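Asks: So that we are looking at the same thing, I have put the structure below in structure tokens.
Only the coordinates and a few stated rules stand behind these numbers; no lab work does. Quantities reported herein were computed from a predicted structural model and do not represent experimental measurements. Cβ sites come from the backbone with ideal geometry, for glycine too, and all protein chains shown count toward neighbours.
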Amino acid sequence: MNTMQFRINPKNGDKLSALGFGCMRFHKNENEVEKQIRYAIEQGVNYFDTAYGYSGSEATLGKILAKDGLRDKVKLATKMPQFMVKKHTDFDKFFSTQLDRLQTSHIDYYMIHMLSDAATWHRLVDLGIIKWIEEKKQSGVIRNLGFSFHGTQSEFIALLDAYNWDFCMIQYNYYDEFNQAGKIGLEYAGKKGLPVMVMEPLRGGTLVNKLPSAAKSIWDNAPGHRSPADWGIRWVLNHPQVVSVLSGMGTQEMVEENIRTASDAQVGELSTDEIALYDQVRIKIRESTKVGCTGCGYCIPCPQGVNIPMCFTALNDTVILGRMISMFWYLNMTRGHSASLCNKCGKCESRCPQAIPIREKLTQTKRELEGFPYKLLKFIGKTFMNMK
């Protein structure tokens, strides 16, 4: 029997399971989903994460948790679709729908979904979100307020300083150590006493199912005989700022394996030799990607405003996520600071420690990610999701 590890939320003292159940992609068989959720709760998993925009997820989760007092055993997290909010009354419209779907009287951890820059936050402030939050927290229907993030490190830090958040959620894994909020963002949140929830510890499964053979061979021959999933989750939980790491678990086997890992993965447990293995795997992954960018950020700021690291992250993602999904993330992460702004001045290349031909690779990014589908997505984003 595994004993789930709990970590303390430094803001409010909540004991949260080191493993959180990510509910973005439920199995189509609801009975199987219920079996997995019940098993996870029995093993101590008490943090469940969903969102308004996850098709059918809130309703399915609410239906399951309404049985046998399960709701009282968990902390429920969901997210407001800020990109669909046009006016003040939308706050209540979406929130009421979520309470109904989840069959609950309150949300323990409520997030603004995909809040990736300070400008978007200020738009919500102008619509009156701060007063709305205060009213909801005062009445107890929202217990903790945070945001989920996909954006640049500088924007993450700006958001942390813009409001007195209760928690935040970032993408973080051994491959993305310096991408998006990155290690610096994680440590900054920790210094502010902010609990950090981590999504994509396995990069949507790509650090398990789509590893280059050379990278997989390193894990196969490493001491300890751990699976790639175990290595990935263990790396995230090695960080003291991380309170809970979310995993979208589609099978019973995944649930059981991740619970085993989260039951004994401790802060600071990884040895120097083990950390070196992650470095080796990261190198092998990058060797199979389109551009060897580490996300260090030395190339920015760009005089034209190009978000170079995010452009290259999206370009590399086409190898493992496919072009259409990468195009969506490219649009969301660059937010008007796309590769097409490059005027080939070359200032970035003189600062790049990897000696990357940045101008050439930005041209490639534009060619692969800014075709007709991108322009259509951009139009939809501007019209319906308040994207730049």
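Asks: Order by neighbour count: Arg234, Arg367, Arg203, Arg260, fewest other Cβ atoms within 10 Å first, most last.
Replies: Ranked by crowding around the Cβ, least crowded first: Arg367, Arg260, Arg203, Arg234.
Asks: Going toward the positive end of the dipole of the stretch 308-384, with +1 on Lys and Arg Cβ and -1 on Asp and Glu Cβ, which of Asn316, Leu341, Leu362 do you reach last?
Replies: After comparing all options, I get Leu341.
Asks: Please report Rg over Rh for the stretch 308-384, where both radii come from the alpha carbon positions and Rh follows the Kirkwood definition.
Replies: The Rg/Rh ratio comes out at 0.98.
Asks: Cα-Cα over 18 Å: which of Lys15/Lys75; Lys28/Lys73; Lys15/Lys73; Lys73/Lys191; Lys344/Lys366?
Replies: Checking Cα-Cα distances, Lys28/Lys73; Lys73/Lys191 exceed 18 Å.
Asks: Which whole-Hz couplings ³J(HN,Hα) result when phi for each residue of the stretch 143-149 is put into the Karplus expression 6.51 cos²θ - 1.76 cosθ + 1.60, θ = phi - 60°, listed in order with x for Gly and Pro?
Replies: Karplus values, whole Hz, x for Gly and Pro: 8, 9, 10, x, 8, 9, 10.
Asks: Follow-up. Give the order of Val245, Val74 when sorted by the count of other beta carbons within 10 angstrom, beginning with the fewest.
Replies: Fewest to most other Cβ atoms nearby, the residues stand as Val74, Val245.
Asks: Where the eigenvalues come from the Cα gyration tensor of the stretch 6-278, what are the semi-axes √(5λ) of the equivalent ellipsoid, largest first, in whole Å?
Replies: The answer is 30, 23, 16 Å, longest axis first.
Asks: Before rounding to the nearest 500, sum -39500 (n - 2.57) across all DSSP H runs of length at least 4 in the chain and divide by the residue total; then give [θ] at 222 nm in deg cm²/dmol.
Replies: The helix-only estimate for the chain comes to -14000 deg cm²/dmol at 222 nm.
Asks: What are the GluC sites (Glu not before Pro) within the stretch 263-313 that DSSP puts in a loop, where the Cβ has at most 14 other Cβ atoms within 10 Å?
Replies: Within the stretch 263-313, the qualifying GluC sites (Glu not before Pro) (loop, at most 14 other Cβ atoms within 10 Å) are Glu269.
Asks: Which of rounded, prolate or oblate describes the stretch 242-388 when judged by the alpha-carbon gyration tensor and an a/c cut-off of 1.5?
Replies: Oblate is the answer for the stretch 242-388, as a/c is 1.5 or above yet b/c matches or exceeds a/b.
Asks: Then there's this: With the cut-off at 29 Å, tell me which of the pairs Lys87/Lys192; Lys192/Lys375; Lys11/Lys136 have Cα atoms farther apart than that.
Replies: Violating the 29 Å Cα-Cα cut-off are Lys87/Lys192; Lys192/Lys375.
Asks: For a protection proxy built on the mean count of beta-carbon atoms within 10 angstrom, sort 86-99, 301-314 highest first, please.
Replies: In decreasing order of mean packing, 86-99, 301-314 become 301-314, 86-99.
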